[in-house]
Amino acid sequence: MSPSAKHVVSIGLSAAIVSVVEDSPCVLVVHPGKGDDALPFGPFDPIEHRTLEIGLRKWVGEQTYLDLDYAEQLYTFGDRGRHTLKPGETTRVVSVGYLALTRQAATLKAPGTLWRDWYRYFPWEDWRDRKPAIIDDTIAPALEAFVASAPDKTCAQLRHDRARLCFGLEDIAWDEEKVLERYELLYEAGLTPESARDGRERADHVLPLGDRMMFDHRRILATAIARLRGKMKYRPVVFELMPPSFTLLELQRTVEAISGIRLHKQNFRRLVEDQGLVEGTGKVAPIARGRPAELFRFRREVLRERPSPGVRLARQKIGV
């Protein structure tokens, strides 16, 4: 075998395509029921694809029948072990991950595709009703054991601090943007099936911490969720998930679904209107009970008026 054949690198393209379906934040997966769920992905062809994004859109179109509108590059994922090699394979796969948003959830027609609630992969991330029980019942004790297994006091203190900051332990406030940090901590502690599959040292047993995904697609999805949660606070990306007209309650439920936290209704409405993000359409949406709700639309002029027109979050206190 020539020296060059031992060091072959292939570029892959992966997309976390997000939509909101009935107040649930969903990601489009391919090949459900045929092993682990996977994000739409395919190889980059340097001859056929003029740019990485063109290659991504081609693969997404073939696998999902969707024409992507909003898409942005996330990160390049190249850790050894991210792809399980077959005997004799030498290619190292480096994947460029993308975040894409779509309103086309109701029109999914491609075979072998399905919308999945992303909290099935990250059940500790949904704080809309209360603090998820899995944190205190399962994750915190497992991380305590991880801290106790540290080789020295300095390492133990670092692990302890990471656990507190990531999972809001010991009265530390929950930070909804630390999605990737939380997953990486569980992975490093050997508590996820992906870490055991990748050949890392594992804990006494792998915990049922959400559904696993093919390759390192759960890491890519965690990166996408963190990016979206952070970005919607300073850019109006949430409106890429909304229909042309919507009620303020529908907008609030979409923001809550993405952020994983419950928002204070009156404060949210005041913030959205005061920031000039929406304007009334003069129409109302009929509802089954109560007064009809006014319909609004996104004010695109706000993109010229302010440098950071995002949706700030006015939290509502929840039970623990």
May I ask you to list pairs of residues, at least six apart or on different chains, whose Cβ atoms are under 6 Å apart, with the first in the range 95-123 being farther than 13 Å from Cys26 by Cβ and the second being among the basic types (Lys, Arg)?
Leu99/Arg227
Cβ-Cβ below 8 Å, separation at least six or inter-chain, first residue in the range 268-283 and within 20 Å of Arg235 (Cβ to Cβ), second part of a strand (DSSP E or B) and not small (Gly, Ala, Ser): which pairs?
Val272/Val278; Leu277/Phe298; Val278/Phe296; Val278/Arg297; Val278/Phe298; Glu279/Phe296; Glu279/Arg297
Scan the range 277-292 for residues that are in contact with a helix residue (DSSP H, G or I) (Cβ under 9 Å, 6 or more places away or on another chain) and modelled with pLDDT under 90 and report the count.
1
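For every residue, the table says whether it meets (1) at pLDDT below 95; (2) more than 21 Å from Thr223 (Cβ to Cβ); (3) acidic (Asp, Glu).
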| residue | (1), (2), (3) |
| --- | --- |
| Ser2 | yes, yes, no |
| Lys6 | yes, yes, no |
| Ala16 | no, no, no |
| Val60 | yes, no, no |
When Leu85 is evaluated against the numbered criteria (1) among the hydrophobic types (A, V, I, L, M, F, W, C); (2) part of a loop (DSSP other than H, G, I, E, B); (3) at pLDDT 90 or above, which criterion, by number, is the only one it fails?
(3)
Residue in the range 31-61 that is nearest to Thr102 (Cα to Cα), counting only those that are within 20 Å of the chain's Cα centre (by Cα) and surrounded by fewer than 19 Cβ atoms within 10 Å (Cβ to Cβ):
Glu53
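Have a look at Arg269, Arg235, Arg291 and point out the one that is in a helix (DSSP H, G or I) and basic (Lys, Arg).
Working: Arg235 fails: in a helix (DSSP H, G or I); Arg291 fails: in a helix (DSSP H, G or I).
Exactly one residue qualifies, and that residue is Arg269.
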Please enumerate the residues belonging to the range 150-164 that are in contact with a helix residue (DSSP H, G or I) (Cβ under 8 Å, 6 or more places away or on another chain) and within 20 Å of Ala226 (Cα to Cα).
Arg162, Ala163
So for the range 215-229 (the condition being in a loop (DSSP other than H, G, I, E, B), touching a Ser or Thr at 6+ places or on another chain (Cβ under 8 Å), of a type in the set (D, E, K, R) and not assigned by TED's automatic domain parsing to the domain that holds Thr138), does at least one residue qualify?
yes
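The values are calculated or read from the model by the stated rules, or taken from the named source; none is laboratory data. Just so it is clear, the structure is predicted and the values come from calculations on it, not from any experiment. Virtual Cβ from ideal backbone geometry, glycine too; neighbours counted across all protein chains shown.
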